[in-house]
1. Residue 271 versus (1) modelled with pLDDT of 80 or more; (2) under 27 Å from residue 209 (Cβ atoms); (3) charged (D, E, K, R): which is the lone unmet condition?
2. Pick out, from the stretch 1-105, the helices (runs of 4 or more DSSP H) lying fully within it that include 2 or more residues that are charged (D, E, K, R) and touching a helix residue (DSSP H, G or I) at 6+ places or on another chain (Cβ under 8 Å).
3. Within the group 102, 148, which residue is within 27 Å of residue 61 (Cα to Cα), crowded, with 18+ Cβ neighbours inside 10 Å and not hydroxyl-bearing (Ser, Thr, Tyr)?
4. Can you go through 57, 137, 106, 113 and tell me which one is at pLDDT 95 or above and farther than 30 Å from residue 185 by Cα?
5. Could you check, for the stretch 70-79, whether at least one of its residues is closer than 24 Å to residue 47 by Cα and either among the β-branched types (Val, Ile, Thr) or loosely packed, with under 13 Cβ neighbours inside 10 Å (or both)?
6. Name the one entry in 190, 201, 207 that is aromatic (Phe, Trp, Tyr) and in contact with a Lys or Arg (Cβ under 9 Å, 6 or more places away or on another chain).
7. Of everything in the stretch 227-266, what is within 35 Å of the chain's Cα centre (by Cα), among the small types (Gly, Ala, Ser) and part of a helix (DSSP H, G or I)? Give them in sequence order.
8. Within the stretch 106-124, work out how many residues are assigned to a helix (DSSP H, G or I) and either of a type in the set (Ser, Thr, Tyr) or over 20 Å from residue 40 (Cα atoms) (or both).
Amino acid sequence: MNYIFQILKDNEQFEFLLGKGLDKVPNLKLAVLDFLKRHCPEDRELFRLVCLHFSLFSEVADLWESEGHSRVHTLLAVMTQQGAAPILLTNTEDTKHCLHMAMLSFTHSAEYFLQANKLTRALTAAHHAELVALQTFLVSSVPLGQGADCLLELDSAEVSNIITHKLSFPQACIVARAYSHPVDWGGALYQHCIVQGDVSYLTDFMYNMPLTSALVEDVARRFQLEANITQEMAQQMKKFVLGISDVEIKYRVASQMGFRDVIESLLNGPELPYLKDTVWQSGFNRHHNYLQ
């Protein structure tokens, strides 16, 4: 039957299958969908026509979603056979093509779930498409033949590890959404801003999320528990404190860290009356000066 479908398509007669009465032919609609999925995966307009005719938006969405997961799983199986642990995705044309096709599959799935009014499923598929797009970017960012960190089919511990130690803030958000994973932002901020000295991470974070007092105190606690604090880490901690907009928490943490110039700046600025009414009323503890 696929042979007949292909002849009709090549001769621009495929819409004949959508003619009046043919939708009553047993299994025709499933056979048409299977043909399109296998032989015309990028012909979105033809898919749209078939879906409109048979009203199979949800079924087509499921097919595309399954196809996306299948492509990802097949790619990872190939990479696993290469013996790398953890799995690295090699920058080759085959790898990028497979990722591109998986991304298309999830994108199609999201579009058809929307047309079926299944918004939650549409969002899930869209997040998977976004994840695969990020994976493609990471693969393309390394030299040809080299491997990039794998973001696909991770377990919870692997998601936590890669978010905390390796991904930028925007990348971390993409991965967290795709896996519906709760992020330990205190740990991520500490690793990226203090240990790795990534100034842009804090900027990106504060542009998108509030830097709460609980998060600041969490980062400060991790710093104070650090066994081997270097001068570079202390400098990064100071930069982190300077980036805090909340005057009260900035003063408290600066006092705990012994950052005298930060404290003096606050005391000599317009923040002094506020500090007298808040921090000084409750008191604070001074700790070790980490900057020698």
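The values are calculated or read from the model by the stated rules, or taken from the named source; none is laboratory data. Owing to the predicted nature of the structure, the values given are computational and were not obtained by experimental measurement. We place every Cβ from the backbone using ideal geometry, glycine too, and count neighbours over all the protein chains shown.
1. (1)
2. Details: elements: 2-10, 28-39, 44-54, 57-81.
Hits in the stretch 1-105: 28-39, 57-81.
3. On the way: 148 fails: within 27 Å of residue 61 (Cα to Cα).
The unique qualifying residue is 102.
4. Criteria check complete, one pass: 113.
5. Filtering the stretch 70-79 for residues closer than 24 Å to residue 47 by Cα gives 70-72.
With the extra rule that they be either among the β-branched types (Val, Ile, Thr) or loosely packed, with under 13 Cβ neighbours inside 10 Å (or both), the set shrinks to 70, 72.
The answer is yes; a qualifying residue exists.
6. Values: 201 fails: in contact with a Lys or Arg (Cβ under 9 Å, 6 or more places away or on another chain); 207 fails: in contact with a Lys or Arg (Cβ under 9 Å, 6 or more places away or on another chain).
When all the criteria are applied, what remains is 190.
7. Once the filter is applied, which keeps residues that are within 35 Å of the chain's Cα centre (by Cα), among the small types (Gly, Ala, Ser) and part of a helix (DSSP H, G or I), the stretch 227-266 yields 234, 254.
8. First pass over the stretch 106-124, keeping only residues assigned to a helix (DSSP H, G or I): 106-115, 119-124.
After this cut, where a residue has to be either of a type in the set (Ser, Thr, Tyr) or over 20 Å from residue 40 (Cα atoms) (or both) as well, the list is 107, 109, 112, 114-115, 119-124.
Going through the stretch 106-124 one residue at a time, the tally reaches 11.
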